[in-house]
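Below is one structure; the comments refer to it alone.
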Ligand SMILES: [Zn+2]
């Protein structure tokens with residue numbers, strides 16, 4: 001890695017080149033944001049002095065104090081440029097002809113998407129390649145510079161500058177299917193046996209999208225290639241198997257988890273694609289309304305107690321818990337012992353988190369691991385899922401003995417968790433004093449910003465939900481109800497009408513609700529008490545987010561229960 005500006009003819013000022021000559025600026029910035037402690041920064045500096053040839057930022061990355069994404073984000077902030085991941089993207093070949101590959105490699109830049117005159121160019125370090133240089137290299141284009149991780153840019157250059165015609169066997173086809181899924185932001189790739197073919201589908205924003213057929217002649221070879229890739233036994237065709245491996249696209253690593261089960265038409269394989277580099281979602285990206293944010297922060301401030309997140313599989317419960325733990329003040333994170341028990345560990349959390357993986361097949365269950373974890377003297381424990389009474393009881397005991405415990409439950413709403421825990425046999429009186437909060441969450445799709453249209457019912461909803469819509473919150477205010485337009489020609493969302501997802505939440509802090517918990521009161525009784533404090537239900541949070549164009553009313557009605565509206 002090199003951010004040292006090289007001498008070049010006509011080098012222009014203002015590229016930030018002199019600033020990046022200070023090798024420690026990034027370290028200082030990380031200390032300022034609290035991501036790195038002053039002690040860690042000092043240790044890193046000592047290490048660096050032994051080998052000053054290494055870029056300091058690279059050393060920070062190697063020590064696990066900064067990720068490639070963090071480095072890119074810091075550079076983006078410093079040069080006021082947007083930051084993007086370019087893994088899975090490809091070079092715009094026409095634009096690529098304007099610049100020799102060796103220059104692209106040396107300057108670490110890649111021309112990506114072109115739309116009319118507008119050309120996106122990703123650079124690793126804007127100090128080494130300025131906007132002026134870009135204008136000179138790509139005349140007749142409006143160049144939009146963006147910052148991306150260096151390794152990803154080099155990956156795109158290597159993968160697409162050379163001819164991609166190499167390899168045409170089943171292994172190559174399978175790899176292509178995976179890369180296409182990554183480029184489409186898919187979380188899973190499904191290979192489903194039909195009578196004579198293999199149906200390929202990708203899960204994008206929670207929905208399965210057909211991505212092609214593999215015909216009869218190639219079908220067995222592709223399934224075998226998938227099993228080899230997942231390091232599974234290819235001779236075993238009658239029993240379910242699991243596998244895992246890593247895929248590197250544009251130098252960005254993706255973890256793959258394979259599940260293979262025999263179906264009547266043949267073996268069915270699902271591959272989960274985990275982008276570790278995406279990291280933990282910060283609070284700022286959760287589209288939280290102020291009261292919910294305040295309540296979540298209050299839950300984090302309890303020195304001990306229990307907090308549950310509820311929702312069906314795939315509603316982002318664990319993701320929310322990771323965001324919550326990362327929202328602890330950095331100085332506190334450094335001084336706390338935080339242990340997570342997960343099944344599986346999908347996202348490796350940096351720095352001060354000790355992550356354990358549950359594996360029921362070898363008896364490493366949540367309850368068994370939890371017993372041992374408590375001897376490790378943790379301050380904060382995350383129990384990935386509460387499935388049985390044993391886990392619920394040990395978690396409760398841990399909370400009673402001075403730990404702050406987080407876990408998840410499969411219930412339809414936040415308040416239902418209170419009822420479920422009591423039904424599991426936990427003492428309602430103990431529960432009443434230990435349970436600090438319950439949170440319900442769903443993920444709903446965001447309408448595509450390029451093709452959504454104002455909703456024909458917008459005015460009607462604005463009237464119906466007027467009280468909710470006056471609340472202060474994220475995004476533009478006012479009634480901006482939009483309707484997704486699937487099927488319209490759109491490059492960004494590939495005519496699906498939606499792009500990405502956002503959470504809708506109900507956050508119920510339980511201070512003052514002890515009596516209601518002890519008597520297992522109905523949700524309505526709790527809400528009467530909680531509404532004045534700003535607590536809103538899933539549906540209500542959804543409506544106010546739909547009014548800001550963050551999602552659509554169609555999505556809200558599909559995800560949460562609300563009052564029936566004629567002719568929706
Ligand atoms: Zn669109």
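Per-residue answers, yes or no, for (1) under 13 Å from residue 414 (Cα atoms); (2) under 33 Å from the mean Cα position of the chain (by Cα):
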site	(1), (2)
519	no, no
523	yes, yes
526	yes, yes
536	yes, yes
544	no, yes
548	no, yes
558	no, yes
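Among the residues making up the stretch 187-221, those that are buried (at least 19 other Cβ atoms within 10 Å of the Cβ) and more than 25 Å from the chain's Cα centre (by Cα) are 193, 198, 214, 219. Filtering the stretch 168-195 to residues that are closer than 18 Å to residue 88 by Cβ and assigned to a loop (DSSP other than H, G, I, E, B) leaves 184, 185, 186, 187.
Taking the stretch 414-435 as the range and being buried (at least 22 other Cβ atoms within 10 Å of the Cβ) and not in a helix (DSSP H, G or I) as the test, only 435 passes.
Filter the stretch 356-378 down to the residues that are outside any loop (DSSP other than H, G, I, E, B) and surrounded by 15 or more Cβ atoms within 10 Å (Cβ to Cβ) and list them by number. I'd like the intermediate steps shown before the answer.
As a first pass, look at the stretch 356-378 and keep what is outside any loop (DSSP other than H, G, I, E, B): 356-357, 359-362, 364, 366-376.
Within the stretch 356-378, 356, 364, 366, 367, 368, 369, 370, 373, 374 qualify.
Residues that are under 19 Å from residue 290 (Cα atoms) and surrounded by 20 or more Cβ atoms within 10 Å (Cβ to Cβ) within the stretch 503-527 comprise 503, 504, 505, 506, 507, 508, 509, 510, listed in sequence order.
Residue-by-condition table, conditions (1) under 24 Å from residue 36 (Cα atoms); (2) at pLDDT below 90; (3) not assigned by TED's automatic domain parsing to the domain that holds residue 510:
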residue: 333; (1), (2), (3): yes, yes, no
residue: 338; (1), (2), (3): yes, no, no
residue: 357; (1), (2), (3): no, no, no
residue: 372; (1), (2), (3): no, no, no
residue: 384; (1), (2), (3): no, no, no
residue: 399; (1), (2), (3): no, no, no
residue: 403; (1), (2), (3): no, no, no
residue: 425; (1), (2), (3): no, no, no
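Please state which one of 490, 448 is crowded, with 22+ Cβ neighbours inside 10 Å and out of contact with any helix residue (DSSP H, G or I) (no Cβ under 8 Å at 6 or more places or on another chain). Talk me through it step by step, then tell me what you get.
Working: 490 fails: crowded, with 22+ Cβ neighbours inside 10 Å.
So the residue among 490, 448 that is crowded, with 22+ Cβ neighbours inside 10 Å and out of contact with any helix residue (DSSP H, G or I) (no Cβ under 8 Å at 6 or more places or on another chain) is 448.
Kindly establish whether residue 445 is closer than 26 Å to residue 324 by Cα and within 16 Å of the ligand (Cβ to nearest atom). So that I can check it myself, show each step before the final result.
On the way: closer than 26 Å to residue 324 by Cα: yes; within 16 Å of the ligand (Cβ to nearest atom): yes.
When the stated conditions are applied, residue 445 passes them.
Residues in the stretch 41-80 that are crowded, with 17+ Cβ neighbours inside 10 Å and part of a loop (DSSP other than H, G, I, E, B): 55, 65, 66, 67.
What are the residues in the stretch 336-355 that are outside any strand (DSSP E or B) and surrounded by 14 or more Cβ atoms within 10 Å (Cβ to Cβ), if any? Within the stretch 336-355, 336, 337, 343, 344, 345, 346, 347, 349, 350, 351, 352 meet the criteria. Residues of the stretch 108-130 that are surrounded by 20 or more Cβ atoms within 10 Å (Cβ to Cβ), farther than 19 Å from residue 26 by Cα and out of contact with any strand residue (DSSP E or B) (no Cβ under 8 Å at 6 or more places or on another chain): 130 alone.
Name the residue, out of 136, 105, that is outside any strand (DSSP E or B), touching a helix residue (DSSP H, G or I) at 6+ places or on another chain (Cβ under 9 Å), surrounded by fewer than 17 Cβ atoms within 10 Å (Cβ to Cβ) and in the same structural domain as residue 26 (by TED's automatic domain parsing).
Working: 136 fails: touching a helix residue (DSSP H, G or I) at 6+ places or on another chain (Cβ under 9 Å).
Only one candidate passes the filter, namely 105.
The values are calculated or read from the model by the stated rules, or taken from the named source; none is laboratory data. In this text the structure is predicted, and so the values were computed from the model without any measurement. Note: ideal-geometry Cβ built from the backbone for every residue, glycine included; neighbour counts use all protein chains shown.
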